[in-house]
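Trainee: My questions all concern the structure below.
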Amino acid sequence: MPQAFYILYGAVLTVAAALTLGYLVLRGLGLRLCREERPLFALAVGAACLSQLVFVAVTVGLARKGVFQTFGLAVVALALWRRWFRADGDSLPPLPTFWKRLLVLLGLPFLFLYFFNAMAPEMSPDGSTYHLGLVSRYLRNRGFEPITTNMYANLSQGIEMLYLFAFSIGRHSAAALVHFAFLVALPLSMVCYARRFGFGPAGVVAALFAFLSPVVGQDGTTAYIDVATAWFLFMVFYLVQIWDRERAPRLLPITGLLAGFCYAAKYTAFLGAVYALGFVSWKLWREKQRALRSVATLALCAAVPVIPWVAKNWIWLNNPFSPFLNRYFPNPYVHVSFEQEYLHHMRNYIGLKSHWDIPLEVTVRGAVLCGLLGPLFLLAPLGLGALGHPAGRRLLAAGLLFGLPYASNIGTRFLIPAVPFVSLAMALVLTRRRALAAGFAVAHAIASWPDVVNLYCDPNAWRLTKIPVRQALRLESEESWLTRRSLFYPIARMIEDMTPPGARILTFNQVPDAYTTREILVVYQSAFNAVLGDILWHGIIPEYPPQRQLTFRFQALELAAVRVVQTNRGGPDHFSVGEMRLFHGERELARRPLWRLRARPKPWDVQMAFDNSPATRWRSWQVLEPGMFVEVQLPRPATLDRVTLECSRDQYRTRVRLEGRLPSGEWRRLDDDPDVAELPPPLGLRRAAACELKRRNVRYVLIWDEDFGAEDFRKNAVLWGATFLAERNGARLYRLD
């Protein structure tokens, strides 16, 4: 069969299986919905259910193509036999012919554009790295495994479970087509919502505003999750509004399920559950009705999609909300400093001169913040005119709530959850004049077509640029297209060709994991990887090796334990110790396996301060705070009169004191003014760093031309004990021999 067939088959079967499960749930609850709404709610509810079922299959090791395909075909066949897909229920209020024609006329060209881009080979930055990289890994391993070297594996992956179903059959593009299905469902849901509540023309205009937006089209045609998340949030809002009008208790279970699934789709979408619980509780309280049963039903159903992801992280990573909140849930897998730096970077993109530039960046330019909404959204404040309409107030309140996470990440696509609500509010104002609303819709369509977008956006803006029909239908091979168009795909293939199965490759930049079976260790993606990067930099950065010796002297005492305590506060310095040595006279106390080593924070790495390696160090991995320490507890008290620390020179604000514990258990301050001496640079640091990497089962390093130290590797490969293997697009692969 042609590859295009399997792509379509995988995507269609996934969507059909979700629809089937959704129809089953809706019929089981006996919900009365309008015939136009029913397939949309069935898709949403069924997708949440299918995601849960895939999670179970992956958990028990049944992540296989045959399992997913058999299940999908079986449930779809059952639905066809039992005629679950038949249309029933009342129709929504009809749309005027003018607005129907406008919707079709403007929407169809973009539908064509989006479909072929979704079906084309997947090469989006995040889609081809962690979204589908993790999916492909689960499929290879037939299930979950503890992944502690990639923080993205810790995020909730409800949408990725659906991608896994499709990926197992049609690979990368099948997953992107599943996202495309949610992209199409979003404007249809907006129109249905508006028709139900009496402003159908505004729904058409708003649907076009959202659907035609360049960043929505770009995101929704890749294996990203933002458009899908926005749609699930909108469906929660939609259901809550139906409940408010009808007060049907049977609506609450599926509202709770979808609200919880928003968290399963993306952490920041937890606000879907906040909105549903808050709105229902507030309404019942205002009307002095008994709310406990309704709120409990909502909360319990919301917990169903949430608990698996929280439990997975709690069991494997000691942090239910990993990779965040690591200060409150200490663990060896994600550093506190990384979390702080990551959040700072997400709020301050490189290249953004001022936050006052954000409106133009997210609407017109599109390069720095990765995508553009289109110039129409410069007029978003028009939506405030909808405050006089009851529906307008609710839409703006929901848009504000769901848009709050944008403050934590100012990339354009993180505005997508608010776009449907802002669009509807704007449309409520504009449709007071039919010609004005239609004119804005037409202007937005013209301004959002790729050839026109090219005229005003930044050349590097993240956007669709063409309709890749030949590539979508695989008339040009996937290999050929990706090699020509993707900077990173050839690098992934180089890794696959030049390294053996099971190889681990250390690098400082993301690689399309979805196109290689090797384990890519990106330095910033986990604590383990960051330590590897720190070790590597010992051979390059002069301030990292232990070249300062702090000597604590005190009257000879019999001690059961000693610890060095850091007493200062503030950044950017981290407290670190290369080696800690204990002496009596000129004799160093020999290190024993029975020594109990402790440290705070990062107790898991304390052994690196006692391993006699010039390329490793214990490090706090967070800025200085009083009370940080490294401690040795001896199996038997020993007489000591001196302790030395060999430290790096990159911790100028550190202030330390030495404390000792007497055999009686009393802690005593021994010295808080150590002598400081400079040590000569250790010899063979590059080779020592390479040996430490190999000791951690890392034998390959991928260095990019723009990486710090790239020139050193190029000139001193022999000193590193490294063999140059190959180079692609500015990335050089080395083997550590």
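Table: residues versus (1) of a type outside the set (D, E, K, R); (2) closer than 19 Å to LEU40 by Cβ; (3) touching a Phe, Trp or Tyr at 6+ places or on another chain (Cβ under 6 Å).
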{"site": "LEU188", "(1), (2), (3)": "yes, yes, no"}
{"site": "TYR193", "(1), (2), (3)": "yes, yes, yes"}
{"site": "PHE197", "(1), (2), (3)": "yes, yes, no"}
{"site": "GLY203", "(1), (2), (3)": "yes, yes, no"}
{"site": "THR222", "(1), (2), (3)": "yes, no, no"}
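Trainee: If I ask for residues that are of a type in the set (Asp, Glu) and in contact (Cβ under 8 Å) with a residue 12 or more places away in the chain, which ones from the range 283-340 would you list? If you could, list the steps in order and put the result at the bottom.
Mentor: Filtering the range 283-340 for residues of a type in the set (Asp, Glu) gives 287, 339.
GLU339 - this is the single residue of the range 283-340 that is of a type in the set (Asp, Glu) and in contact (Cβ under 8 Å) with a residue 12 or more places away in the chain.
Trainee: LEU325 fails exactly one of the following numbered conditions: (1) at positive phi; (2) out of contact with any helix residue (DSSP H, G or I) (no Cβ under 9 Å at 6 or more places or on another chain). What is the number of that condition?
Mentor: (2)
Trainee: Of everything in the range 178-188, what is open to solvent by less than 10 Å² (accessible area, probe 1.4 Å) and within 22 Å of SER477 (Cα to Cα)? Give them in sequence order.
Mentor: So in the range 178-188, the residues open to solvent by less than 10 Å² (accessible area, probe 1.4 Å) come out as 178-179, 182-183, 185-186.
The one that is open to solvent by less than 10 Å² (accessible area, probe 1.4 Å) and within 22 Å of SER477 (Cα to Cα): VAL178.
Trainee: Could I ask something else about it? Report those helices (runs of 4 or more DSSP H) wholly inside the range 387-505 carrying at least 1 residues which are closer than 30 Å to CYS192 by Cβ.
Mentor: Passing ranges, in order: 390-403, 419-430, 434-448, 450-456, 469-472.
Trainee: Testing LEU506 on (1) crowded, with 19+ Cβ neighbours inside 10 Å; (2) over 22 Å from GLU706 (Cα atoms), one condition comes back false. Which one is that?
Mentor: (2)
Trainee: So, one more: Looking only at residues that are among the polar types (S, T, N, Q) and touching a residue at least 24 places away in the same chain (Cβ under 8 Å) in the range 83-135, which one is farthest from VAL469 (Cα to Cα)?
Mentor: Within the range 83-135, the first condition is being among the polar types (S, T, N, Q), and the residues that meet it are 91, 97, 117, 124, 128-129.
After this cut, where a residue has to be touching a residue at least 24 places away in the same chain (Cβ under 8 Å) as well, the list is 91, 117, 124, 128-129.
Working: SER91: 36, ASN117: 8, SER124: 18, SER128: 20, THR129: 24 Å.
Here the answer is SER91.
Trainee: Separate question: Evaluate the following for ALA443: is it of a type outside the set (D, E, K, R), without any contact (Cβ under 8 Å) to a residue 60 or more places away in the chain and open to solvent by 50 Å² or more (accessible area, probe 1.4 Å)? Give the derivation first.
Mentor: Details: of a type outside the set (D, E, K, R): yes; without any contact (Cβ under 8 Å) to a residue 60 or more places away in the chain: no; open to solvent by 50 Å² or more (accessible area, probe 1.4 Å): yes.
Spelling it out, it is not the case that ALA443 is of a type outside the set (D, E, K, R), without any contact (Cβ under 8 Å) to a residue 60 or more places away in the chain and open to solvent by 50 Å² or more (accessible area, probe 1.4 Å).
Trainee: Have a look at LEU343, LEU373, LEU352 and point out the one that is among the aliphatic types (A, V, I, L, M) and either touching a His at 6+ places or on another chain (Cβ under 6 Å) or open to solvent by 40 Å² or more (accessible area, probe 1.4 Å) (or both).
Mentor: Values: LEU373 fails: either touching a His at 6+ places or on another chain (Cβ under 6 Å) or open to solvent by 40 Å² or more (accessible area, probe 1.4 Å) (or both); LEU352 fails: either touching a His at 6+ places or on another chain (Cβ under 6 Å) or open to solvent by 40 Å² or more (accessible area, probe 1.4 Å) (or both).
The conditions single out LEU343.
Trainee: In the range 66-99, what residues are of a type in the set (D, E, K, R) and touching a helix residue (DSSP H, G or I) at 6+ places or on another chain (Cβ under 8 Å)?
Mentor: Restricting attention to the range 66-99, the residues satisfying the condition of being of a type in the set (D, E, K, R) are 82-83, 86, 88, 90.
Matches in the range 66-99: ASP88 only.
Trainee: Return only the number of the condition from (1) open to solvent by 10 Å² or more (accessible area, probe 1.4 Å); (2) on the phi < 0 side of the Ramachandran plot that ARG142 does not satisfy.
Mentor: (2)
Trainee: Still on this structure, I have one more. Can you confirm whether the range 225-245 contains a residue that is buried (at least 24 other Cβ atoms within 10 Å of the Cβ), farther than 30 Å from TRP99 by Cβ and of a type outside the set (Lys, Arg)?
Mentor: For the range 225-245, residues buried (at least 24 other Cβ atoms within 10 Å of the Cβ), farther than 30 Å from TRP99 by Cβ and of a type outside the set (Lys, Arg): present.
Trainee: Pairs needed: first member in the range 462-475, free of Cβ contacts under 8 Å to residues at least 60 places away in the same chain; second member anywhere, assigned to a loop (DSSP other than H, G, I, E, B); C-beta distance under 7 Å; at least 6 residues apart or different chains.
Mentor: Going by the 7 Å Cβ cut-off, the qualifying pairs are ARG470/GLU476.
Trainee: So VAL304 fits all but one of (1) touching a strand residue (DSSP E or B) at 6+ places or on another chain (Cβ under 7 Å); (2) open to solvent by 40 Å² or more (accessible area, probe 1.4 Å); (3) β-branched (Val, Ile, Thr); what number is the exception?
Mentor: Exception for VAL304: condition (1).
Trainee: Next up: Counting only residues that are of a type in the set (Val, Ile, Thr) and closer than 17 Å to ARG293 by Cβ, which one in the range 246-274 is surrounded by the fewest Cβ atoms within 10 Å (Cβ to Cβ)? Talk me through it step by step, then tell me what you get.
Mentor: Here is the first cut: in the range 246-274, the residues of a type in the set (Val, Ile, Thr) are 254-255, 268, 274.
Cutting the leftovers down to closer than 17 Å to ARG293 by Cβ gives us 254-255.
Details: ILE254: 24, THR255: 29.
Taking the candidates together, the pick is ILE254.
Residues are listed down the side, and each one gets a yes or a no for (1) closer than 30 Å to THR431 by Cβ; (2) more than 31 Å from the chain's Cα centre (by Cα):
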residue	(1), (2)
LYS65	no, no
ALA79	no, yes
PRO109	yes, yes
PHE112	yes, no
SER136	no, no
ASN154	no, no
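Trainee: Which members of the range 584-601 meet the condition of being of a type in the set (Lys, Arg), surrounded by fewer than 12 Cβ atoms within 10 Å (Cβ to Cβ) and within 20 Å of PRO663 (Cβ to Cβ)?
Mentor: Passing the criteria: ARG592, ARG596.
Trainee: Still on this structure, I have one more. Among the strands (runs of 3 or more DSSP E) confined wholly to the range 621-737, which include 3 or more residues that are surrounded by fewer than 19 Cβ atoms within 10 Å (Cβ to Cβ), in contact with a helix residue (DSSP H, G or I) (Cβ under 7 Å, 6 or more places away or on another chain) and hydrophobic (A, V, I, L, M, F, W, C)? Let's see the steps before the verdict.
Mentor: On the way: elements: 628-647, 656-661, 667-671, 675-678, 700-704, 722-728, 731-736.
Counting at least 3 such residues, we get 722-728.
Trainee: What single numbered condition from (1) closer than 19 Å to SER408 by Cβ; (2) open to solvent by 30 Å² or more (accessible area, probe 1.4 Å); (3) modelled with pLDDT of 95 or more; (4) in a helix (DSSP H, G or I) fails to hold for PHE329?
Mentor: Result: PHE329 passes all but (4).
Trainee: I've got another one for you. I want to confirm something. Restricting to the range 1-58 and keeping residues that are open to solvent by 10 Å² or more (accessible area, probe 1.4 Å) and among the β-branched types (Val, Ile, Thr), which single residue is nearest to the chain's Cα centre (by Cα)?
Mentor: The extreme case among them is VAL56.
Each row is one residue, and each column tells you yes or no for (1) of a type in the set (Val, Ile, Thr); (2) crowded, with 23+ Cβ neighbours inside 10 Å; (3) outside any strand (DSSP E or B).
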position: ALA514; (1), (2), (3): no, yes, yes
position: ASN529; (1), (2), (3): no, yes, yes
position: ARG553; (1), (2), (3): no, no, no
position: LEU557; (1), (2), (3): no, no, no
position: VAL562; (1), (2), (3): yes, yes, no
position: VAL565; (1), (2), (3): yes, no, no
position: ASP573; (1), (2), (3): no, no, no
position: LEU582; (1), (2), (3): no, no, no
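The values are calculated or read from the model by the stated rules, or taken from the named source; none is laboratory data. Small disclaimer: the values here were computed from a predicted structure and weren't measured. Cβ: placed from backbone, ideal geometry, glycine included. Neighbour counts: every protein chain shown. SASA here: full protein model, heavy atoms, side chains in, ligands and nucleic acids out. Shrake-Rupley method; radii C 1.70, N 1.55, O 1.52, S 1.80 Å.
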